[in-house]
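This report concerns only the one structure given below.
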Amino acid sequence: MANQYIKEGYMTKKSINKRTIFSPDNFKARWFTLDNVALRYYDGSLEKGKTNEKGKVEISSIKVVEEVEDGKLEGKLNTFQIGFHDSSEQHTLYITAQTDDMRKDWVQAIRDVCQSQGVEFDLKYHSGVFQRNLKRFNCCDQINKNSPGCQPTFNQPENARKQNGLAGSSTLSVRDTPLPPIPPNTPARDPRNSKTFVIALYDYQGAADGDLSITKGEEYEVIDNSKEHWWTAKNKKGEKGYIPANYVEVVTSTGLESYDWYHKNITRHRAEEMLKAEGKEGCFIVRDSSTKGMYTVSIYTKESGTMVLHYHIKQFNDGMFYISEKFKFPTIPDVIKYHKCNSGGLVVRLRSPPTGTSQPSTAGFGHDIWEIDPTELELFEELGRGQFGSVKRGKWRKNKSVAVKMMQQGMMNEDDFIDEAKTMKMLQHENLVQLYGVCSKQRPIYIVIEYMKHGSLLNYLKRQRGVILKKPNKLLDMCLQVCRAMKYLESQSFIHRDLAARNCLVGDNLVVKVGDFGLARYVLDDEYTSSSGTKFPIKWAPPEVLGYTRFSSKSDVWAFGVLMWEIFTGGDMPYGKIKNQEVVEQVVHHGKRLEKPQACPGEVYDIMMVCWEKDERNRPGFAVLENKLANLSDDDYCS
Ligand code: ADP
């Protein structure tokens, strides 16, 4: 079939570089011609007409022909876009016509050719562009450059629009088979070969050979997720390597993972701390609600006494989502988009998510870094002194903040510790102080751990006592955080042996993390290890430890009860000045227990009391305790 010439004209074209921002230096004036095989562009000028062919887009590869929303393109009016597939890659060609009429003519002409060739268009497209500096689309805020479109394309039939969660009136129809319903929260898989895709929540700069650097918002294919903390993944260029599993989220069919306002696993209190730390009017996040399958919007505002308000996103029977019944939408992103422009019943309109969220720790600096080269460590001021010696603030490879414990010689069984610490490095939880590695080839050996800005929980409680005791919700949240870390250790059959406020640390946004887990086993000092020793943590120990040195997760539960008591007294010494031997006598033989702190609600004290059941079998595990604590701190919502 001979090429049928249809249309030609002089327009400006942006170099094809997958939906990136417009910038003046990558725009070129070109001659365009349209025939029934391709849209071609040439060197040339208005005077001379076309000269050398510079490139083309095959009609059969076209998936989207749409105008670009004006006013969003840094002054470039009359722009339209052609989305097309080239081998497995998707590209977008942006073309600017001289007038709006010319743009409409071109769009119509290209659509007509496509339709005459039986081309099937995509159902959705992005009406804006991806802004590289802001790392998001300006039409929908999605942060993944390759995220599916947010607007229905011109020819999408009404039934597909509904199924797809899109609103609007019907238009021309090319494809009218309805789409299958979207299953809730299942991982997005390539239907041909069951691939799992993840989206990066944070940047990670590969630190060890074999690591893969990842960029926030980009999608990666998971090749192997059999290891708990370091998965093997492949990027768009086909490069493979290890990535930290806690830096990515599996992409589900809800697609919410690609929005930076979505924080899947975050509790109400964490959300509040994060939003308050940001302190900006209308700052918000969307999170999974404590009610399974539901979502909650948490918003910061000075308009209300409580500062952070929580709203459920509800769903009508027809599947439409809403916060305020009057304004319902087919998808959650649509609800958010609406409330970014209109308060629509909310206390304020939504603005933007917090920017100051810090990156979580990885299990080790890289998948294979354990022995740390001391020349890559810079050491600064002393943070404190513990029983093993000095703890200093440090930097690894000039950018990663760490704390370095310098283990005074003769204080611990170093060889046994170094052996065990490899396992401890693999313990990873958002409420455990991360162990990154050791410098074991020198003396004193260094233990390199996560840096926690506010130091030990005990000192923090004492410093903040006057303020914090008036905020039982904050205290409860601290307990809950510690409980989660302990539930994790329990699930790994790992016993802490020295859980107490002095061994927990406080970081940004009131994050509390449990530290020094398992270290007690390697201490050489008898005064610390023997239950009759002067340094033994008797006031945190249950009867079976005091009597028979029988440690278990249930002895950690007892200590957790005492830690809760420390939290609710603002860092008091348990049993005051009473001597250790007297405490043993009273607790073991006379069933005496710590009294209810003044700031402690009765229900919270009930939880402490079950931790102090004499018979360890009657003490609940940490999973049960977590439930109890979470129930007390349950969400209350605005309607
Ligand atoms: P040790 O294990 O030798 O007894 P500690 O863990 O008690 O030492 O630390 C002593 C002090 O150093 C703590 O009270 C705290 O103030 C500070 N510190 C310890 N670890 C960190 C850390 N990761 N980040 C910030 N400060 C820390």
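The values are calculated or read from the model by the stated rules, or taken from the named source; none is laboratory data. Everything numeric in this text was worked out from a predicted model, so none of it was measured. Neighbour counts run over all protein chains shown; Cβ positions are idealised from the backbone, glycine included. The protein model used for the area step is the full one, side chains on, heavy atoms only, and it has no ligands, DNA or RNA in it. Shrake-Rupley method; radii C 1.70, N 1.55, O 1.52, S 1.80 Å.
Laid out as a table, the results:
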| read-out | value |
| --- | --- |
| Solvent-accessible surface ranking, highest first, for Lys76, Lys453 at 1.4 angstrom | Lys453, Lys76 |
| FRET efficiency estimate (nearest 0.05) - Cβ-Cβ, Lys240 to Asn138, R0 41 angstrom | 0.80 |
| Dipole-positive endmost among Ala245, Thr362, Ser343 within the chain (Cβ charges, Cα centre) | Ser343 |
| Ordering of 592-599, 549-556, 502-509 by packing [mean C-beta count within 10 Å, highest first] | 502-509, 549-556, 592-599 |
| J(HN,Hα) series, region 314-320, from Karplus relation 6.51 cos²θ - 1.76 cosθ + 1.60, nearest Hz, glycine and proline x | 9, 10, 6, 4, 7, x, 6 |
| Value at 222 nm in deg cm²/dmol, rounded to 500, when DSSP H runs of n ≥ 4 in the chain each add -39,500 (n - 2.57) | -6500 deg cm²/dmol |
| Charge dipole of region 400-474 about the Cα centre (unit charges at C-beta), most positive-ward option of Gly466, Val448, Met411 | Gly466 |
| Stretchable slack from Glu371 to Ser45, in nm (0.36 nm times residue separation minus alpha-carbon distance) | 111.0 nm |
| Relative contact order computed over the chain (Cα-Cα under 8 Å; 6+ residues apart), in percent | 7 |
| The chain: Cα Rg divided by the 2.2 N^0.38 Å rule of thumb | 1.17 |
| Heavy-atom accessible area per residue - the chain, 1.4 Å, Å² | 46 |
| Nearest 10 degrees, 0 to 90: helix 457-468 Cα axis against the chain principal axis | 80 |
| Reachable aspartates and glutamates, given that their alpha-carbon falls under 13 Å from the alpha-carbon of Lys487 and they are not under 8 places away in the same chain | Glu430, Asp556, Glu626 |
| Set of aspartates and glutamates with alpha-carbon distance to Lys577 below 19 Å, sequence-local pairs under 8 removed | Glu566, Glu585, Glu595 |
| Degrees separating the helix 268-278 axis from the principal Cα axis of the chain, which is the longest one | 70 |
| Furthest towards positive pole of dipole, Pro543, Gln434, Ser15, structure part the chain, Cβ charges | Ser15 |
| Cα long-axis angle, helix 553-568 against the chain (0 to 90 degrees, to the nearest 10) | 90 |
| Other-chain or far-sequence residues with amide H under 5 Å of Ala29's (modelled H) | Lys13 |
| 18 Å Cα-Cα threshold exceeded, pairs from Lys135/Lys302; Lys539/Lys614; Lys240/Lys395; Lys14/Lys76 | Lys135/Lys302; Lys240/Lys395 |
| Share of carbon and sulfur in the accessible heavy-atom surface of the chain [1.4 Å probe, %] | 48 |
| Mean Cβ neighbour count within 10 Å, used as a protection proxy, ranking 310-316, 513-519 highest first | 513-519, 310-316 |
| Unit charges on C-beta of K, R, D, E only; dipole of the chain, Debye | 980 |
| Residue pairs, from the table Lys237/Lys276; Lys276/Lys314; Lys145/Lys474; Lys264/Lys425; Lys54/Lys236, whose Cα atoms sit over 30 Å apart | Lys237/Lys276; Lys145/Lys474 |
